[in-house]
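The values are calculated or read from the model by the stated rules, or taken from the named source; none is laboratory data. Being a predicted model, the structure only gives us computed values, none of them experimental. Here the Cβ positions follow ideal geometry from the backbone for every residue, glycine too, while neighbour counts run over all protein chains shown.
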Amino acid sequence: MLNADIATLDAPFRSLSAFSFSASDLRIHAREEAGLLNKIKTHRPRLRSEWLSILTTVYLLFFLNATFWDKSFLYLKGQGFALVALAIGLLAAFVALTVTFSAKYLIKPALIFMVLASVASAWFMDRFSVIIDTEMIRNAVETNRAEAGHLITGAFVLHIILFGVLPSLFIAWVEVIHRAILKKVMVNLVIIVPSLLVFAGAGLSNGGTFIFSTREHRDWFRTLNPIFPVGSAASFLVDQSREQSIILQPIGTDAKVADALPSADRRPRVTIVVVGETARAQNFQLGGYARETNPELTKRDIIYFKDTSSCGTATAVSVPCMFSVYDRKDYSHAKALATENLVDVLSHAGIKTEWWDNNTGDKHVADRIKKTDLFKSNDLRFCDGGECLDQILVDGLDAWLDKVNGDAVLVLHQLGNHGPAYYLRYPEEFRKFMPDCRSADFDTCTPETITNAYDNGLLYTDHILAEVIDTLSAHGDRLDTAMIYMSDHGESLGENGLYLHGAPYMFAPTQQTHVPFVLWISPGLQQSTRIEKPCLAAKADVPHSHDNLFHSVLGLMQVKTQVHDPALDIFAACRDGVSS
């Protein structure tokens, strides 16, 4: 019995001895691992800072600038000497740039930033032929998570890892050898100054060729990576900083509804303005497209204006420009923020004005009126993954009209055909054109299936617009109504290798700037405003643009104000007694 008790008492000490042995083993393993790490460290590549800069330069210029070099070979075809001079000159300029950042504690973050920025920009430029300018960056900043998710595909992530993360890890791993500060400055200057001279010499040797080619092809150097994308981002940030101090200026405070009939002697006037998204006129059946993308609108008594141009090629530009008092030539983002717009003037006139949004927001147009972000509703009947079908815009329209007891304007901002996930923009019953691309990664689809998906989206928009018209017509016993539909911009579907939208306006293809414009006006509104529809129909082939929207809505709602320009009001010349 005593022996058993002694054994029991001895057990903890035996355990403690075992623990001591394990701790000793751990210390041995730690020393071994430290030795292994030291061996790895001693086998790290060691490079002078300038050589790491030069290696990164070669990678940036010749491996992450496929679009730029494709354009260079095309625009300098048959001019081999100029092409060689371009390559030498840009290599020298890039070397001067990267070596400038080769200071201790700065070199690795700077080079890694350049690589990652270039890799991300290259993906969108090489894949969709887009240009990363300030407006494209503004679109990216103002987008929502769902929309961004369609662009961040598995192929994009793999591209970033292979061409961005792995090279960045190599840069981080390299042991950089730095000289003493004064010697470092001297060595850098010895590299930078001759490099700049080589750059200047290469440019001057073919200056005429480069200047002519740049004037003829303004998109050329806008694809130079990472110079133009990073420069655009910096410009955007500067603009954002300046915009913080903008003070809003009111306009149209004199606005009033000037009518031959007192409001008590007429029915309320209601106009629905549908802001389309990414619908291009080229694929509208109403404009002559061979496919039946507008089967329902063709059965409605509408007017289609065939030759209409957008203010921009991206939502962040076009939407505020459409509602701005400024025309396209005078418009700027800063001016839009500093000046009240159409919905404000309507409010000054005492007209009930609201904004319903199913896109990525109103772009500050509706900051001072009642607005509803329907895409945030998570209505399971229409919504999934942070996006909603456009049926959600029509769902509450009948009830809203029931409550209207005075003049009103309602803006419906569609999700429309926003890409690249066209297949998510329409329900199953609108898959008429088959097979349709069922992916946001165009590499997995043929051009025909991409177009099929896009056209199905237009078919669904046709249905939504027809529903708006029918809903307005159903209230014709009490309201005088109208619908105006304009798309914010168009879309490229692979023409000349270009996809999506957002190209700088100066060289944007017509697919991105030619947009559909549809008008429906009830007989009651025609009568109360004395608008002659045959006169409007006769102007269907006349060029129009987003510039007309501001003044035409004011004219349609009989709003008189100094900011109304009859020359841009499509109704002004078609009123009884004017058109004759």
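Hey, does segment 268-290 have a residue that's assigned to a helix (DSSP H, G or I), over 25 Å from residue 468 (Cβ atoms) and touching a helix residue (DSSP H, G or I) at 6+ places or on another chain (Cβ under 8 Å)?
no
With respect to the numbered conditions (1) more than 23 Å from the chain's Cα centre (by Cα); (2) surrounded by fewer than 21 Cβ atoms within 10 Å (Cβ to Cβ); (3) closer than 30 Å to residue 127 by Cβ, which one is the sole condition not fulfilled by residue 476?
The failed condition is (3).
Out of everything in segment 289-307 that is β-branched (Val, Ile, Thr) and either touching an Asp or Glu at 6+ places or on another chain (Cβ under 9 Å) or without any contact (Cβ under 8 Å) to a residue 40 or more places away in the chain (or both), what residue ends up being nearest to residue 417 (Cα to Cα)?
Checked segment 289-307; the qualifying residue nearest to residue 417 (Cα to Cα) is 293.
Looking only at residues that are assigned to a helix (DSSP H, G or I) and either out of contact with any Leu (no Cβ under 9 Å at 6 or more places or on another chain) or aliphatic (A, V, I, L, M) (or both) in segment 396-410, which one is nearest to residue 464 (Cα to Cα)?
The extreme case among them is 397.
Looking at segment 292-324, which of its residues are surrounded by 16 or more Cβ atoms within 10 Å (Cβ to Cβ), more than 21 Å from residue 139 (Cα to Cα) and either out of contact with any helix residue (DSSP H, G or I) (no Cβ under 6 Å at 6 or more places or on another chain) or outside the structural domain of residue 553 (by TED's automatic domain parsing) (or both)?
Of everything in segment 292-324, those that are surrounded by 16 or more Cβ atoms within 10 Å (Cβ to Cβ), more than 21 Å from residue 139 (Cα to Cα) and either out of contact with any helix residue (DSSP H, G or I) (no Cβ under 6 Å at 6 or more places or on another chain) or outside the structural domain of residue 553 (by TED's automatic domain parsing) (or both) turn out to be 302, 305, 308.
Only one residue in 22, 72 is modelled with pLDDT of 60 or more and in a helix (DSSP H, G or I). Which one?
72
Report the residue count in segment 434-444 for those that are surrounded by 20 or more Cβ atoms within 10 Å (Cβ to Cβ) and in contact with a Lys or Arg (Cβ under 8 Å, 6 or more places away or on another chain).
Within segment 434-444, residues that are surrounded by 20 or more Cβ atoms within 10 Å (Cβ to Cβ) and in contact with a Lys or Arg (Cβ under 8 Å, 6 or more places away or on another chain) number 1.
For the condition farther than 30 Å from residue 132 by Cα and free of Cβ contacts under 8 Å to residues at least 24 places away in the same chain, what is the one hit in 265, 259?
265
What are the residues in segment 291-304 that are over 21 Å from residue 455 (Cβ atoms) and assigned to a loop (DSSP other than H, G, I, E, B), if any?
Selection gives 301 alone.
Can you tell me which of 489, 564 is part of a loop (DSSP other than H, G, I, E, B), at pLDDT 95 or above, surrounded by fewer than 23 Cβ atoms within 10 Å (Cβ to Cβ) and in contact with a His (Cβ under 9 Å, 6 or more places away or on another chain)?
564
Any chance you could count how many residues in segment 326-364 are among the charged types (D, E, K, R) and surrounded by fewer than 20 Cβ atoms within 10 Å (Cβ to Cβ)?
Counting residues in segment 326-364 that are among the charged types (D, E, K, R) and surrounded by fewer than 20 Cβ atoms within 10 Å (Cβ to Cβ) gives 7.
So for segment 360-373 (the condition being within 19 Å of the chain's Cα centre (by Cα) and within 24 Å of residue 302 (Cα to Cα)), does at least one residue qualify?
no
Answer yes or no: is there a residue in segment 111-129 that is at pLDDT 90 or above, of a type in the set (Asp, Glu) and in the same structural domain as residue 177 (by TED's automatic domain parsing).
Yes, that holds for at least one residue.
Going through segment 191-219 one residue at a time, which ones are loosely packed, with under 15 Cβ neighbours inside 10 Å, modelled with pLDDT under 95, part of a helix (DSSP H, G or I) and not small (Gly, Ala, Ser)?
Within segment 191-219, 204, 211, 212, 214, 215, 216 qualify.
Is it the case that some residue within segment 554-571 is charged (D, E, K, R), more than 24 Å from residue 391 (Cα to Cα) and in contact with a Gly (Cβ under 7 Å, 6 or more places away or on another chain)?
yes
Hey, can you tell me all the residues within segment 514-557 that are among the hydroxyl-bearing types (Ser, Thr, Tyr) and within 15 Å of residue 275 (Cα to Cα)?
Selection gives 545, 552.
Pick out the one residue from 384, 367 that is of a type outside the set (Gly, Ala, Ser), surrounded by fewer than 24 Cβ atoms within 10 Å (Cβ to Cβ) and over 26 Å from residue 293 (Cβ atoms).
Criteria check complete, one pass: 367.
Just for helices (runs of 4 or more DSSP H) wholly inside segment 84-174: which have at least 1 residues that are surrounded by fewer than 21 Cβ atoms within 10 Å (Cβ to Cβ), touching a strand residue (DSSP E or B) at 6+ places or on another chain (Cβ under 8 Å) and of a type in the set (Ser, Thr, Tyr)?
Here the list is empty.
Restricting attention to segment 50-83, which residues are surrounded by fewer than 19 Cβ atoms within 10 Å (Cβ to Cβ) and of a type in the set (Asp, Glu)?
Of everything in segment 50-83, just one residue is surrounded by fewer than 19 Cβ atoms within 10 Å (Cβ to Cβ) and of a type in the set (Asp, Glu), namely 70.
Do the conditions hold for residue 286, that is, is it in contact (Cβ under 8 Å) with a residue 60 or more places away in the chain and more than 21 Å from the chain's Cα centre (by Cα)?
Taking the combined requirement at face value, the residue satisfies it.
Would it be correct to say that residue 443 is assigned to a helix (DSSP H, G or I), among the acidic types (Asp, Glu) and closer than 20 Å to residue 498 by Cα?
In short, yes.
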